[in-house]
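Data first, discussion second: the structure below is written as structure tokens.
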Amino acid sequence: MSEDPEAWRLTPAPEEFSRLRSPLIGVERVPLCPVCAASAQSEFAVGFDYELMTCSNPWRFVQCSACGHVWLNPRPGVAELGIIYPSSYYAYNYAKINPLARKAKEWLDRRKMAKIMAQCATRPRTYADIGCGDGRFLRTSEGFGVPRSGLYGLELDEQVVNRLRGEGYTGVFCERVEDSSSLPESAIDLITMFHVIEHVSDPAAVIGQVVGWLPPGGVFALETPNIDSLDSRIFRRTHWGGYHIPRHWNLFTPSTISRLLTENGLEVIMTIFQTGHSFWMYSLHHWVRFEGASRPRAGAWFDPMKSLCGIAGFTAFDLVRGALGAHTSAMLVICRKPLS
Ligand SMILES: [Zn+2]
């Protein structure tokens, strides 16, 4: 590692970024650890927006010297969110993917929901999915007996929200979780938030909102990348798919996410390791395409949107590893708001 702490800023972008004229965007510093507020930190990884190439900045993850939490510092400025989340980012083309892959995904969704429901003391009458996308988990929960009148969701894509409301999901709103005022306080029996917490600027504030919506005894399930996994270690230097640079701002381990949840008023019941097939695929994709010289056409075999064989192979691999007790790169943490 260089003695100059700012040397990472001089890391040149792969040549493909300049061919595409990806811009340099504004940044803001995040001096304190978002989990424990300590200021001592060291460089963890440096990389680029390998996935979407929206900007050509080099980005750096740092690790807290006190608690081990990893966060992006600096991170994109708020004014740049329209660049790093292009409109295509929210295009839910789930219906267009291979029917076999869709069936497999529905099976995995039902399996995940069954594990979460098993932790509820009684069958939930109300359910909210934060970052509900096209509403697939709202539909899954109806299969478990939650009435449509008790369903809530937050989603940032206005078109998707309007479509869901048109289908009778009138509890779905186009709001950021931090600013939301539309969900009922202390009245939602079960809340899920899949792959959202790593994107937000203030994870503790988001957990605080969720705690406000839960009644005592209510259950909250959160899924987020696990930076203490085999693939994150293999591709740690720069190419790990779970970095999702520069859109993932906080990366947790089972221990740091547990600390964030308990310090904000929840009891962790269990952590389940899910399949991290997309992270395996994107890691290999980024490595093949960008290690050394840029290879614009290389890596297509590992594009999770196109390679059914790769997805099936890594899903099976992680299902077996998870069953054997390995810590995969996607963790599902189930917790509860204490009764008193
Ligand atoms: Zn810390």
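Note on the stretch 5-83 and the stretch 106-159: Cα centroid distance 33 Å, given to the nearest whole angstrom. Remark: spin-label model distance GLU106-ALA326 equals 3.0 nm, labels positioned 7 Å along the Cα→Cβ axis.
To put it simply, the accessible area of the stretch 1-148 at a 1.4 Å probe is 56 percent carbon and sulfur.
When the residues SER22, SER39 are ordered by accessible surface, computed with a 1.4 Å probe over the protein chains alone, the sequence from largest down reads SER39, SER22.
With the biggest extent put first, the Cα atoms of the stretch 7-87 measure 41, 25, 18 Å across the principal axes. Annotation: per residue accessible area for the stretch 7-87 equals 44 Å², rounded to a whole number [probe 1.4 Å, protein chains only].
For LEU156, LEU339, LEU251, what's the largest-to-smallest order of accessible area, 1.4 Å probe? Walk me through the numbers on the way to the answer.
Details: LEU156 90, LEU339 140, LEU251 5 Å².
Correct descending sequence by accessible area is LEU339, LEU156, LEU251.
Place +1 on the Cβ of every Lys and Arg and -1 on the Cβ of every Asp and Glu in the chain, take the dipole about the Cα centre, and give the residue among ALA118, HIS69, PRO58 whose Cα lies farthest towards its positive end. Value: ALA118.
Kindly sort ILE84, ILE311 by accessible area of their heavy atoms, largest first, with the probe set to 1.4 Å. Could you put the intermediate results ahead of the total?
Details: ILE84 0, ILE311 35 Å².
Greatest to least solvent exposure: ILE311, ILE84.
Using a 4.7 Å Cβ-Cβ cutoff, the cysteines of the chain lacking any partner cysteine are CYS55, CYS120, CYS132, CYS174, CYS309, CYS335. Bridgeable aspartates and glutamates around LYS112 (alpha carbons under 18 Å apart, same-chain partners fewer than 8 residues away excluded): ASP129, ASP134, GLU142, ASP189, GLU223, ASP318.
Take the Cα radius of gyration of the chain and divide it by 2.2 N^0.38 Å, N being the number of residues; the result is 0.98. Name the residue from LEU230, ALA204, ILE245 whose Cα lies farthest towards the positive end of the charge dipole of the stretch 178-261, charges +1 on Cβ of Lys and Arg and -1 on Cβ of Asp and Glu. Working it through, the farthest residue towards the positive pole turns out to be LEU230.
Taking 0.36 nm per intervening residue step and subtracting the Cα-Cα distance, what contour gain separates SER201 from GLU267 on full extension? Write down the numbers at each step before the final one.
Details: separation 66, 0.36 × 66 = 23.76 nm, distance 2.29 nm.
Net length gain for the segment: 21.5 nm.
The values are calculated or read from the model by the stated rules, or taken from the named source; none is laboratory data. The structure presented is a predicted model; accordingly, all values stated were derived computationally and were not measured. Every residue, glycine as well, gets a Cβ built from its backbone with ideal geometry; the counts of neighbours run over all protein chains shown. Each accessible area value is taken on the protein alone, full model and side chains, heavy atoms only, with ligands, DNA and RNA left out. Shrake-Rupley method; radii C 1.70, N 1.55, O 1.52, S 1.80 Å.
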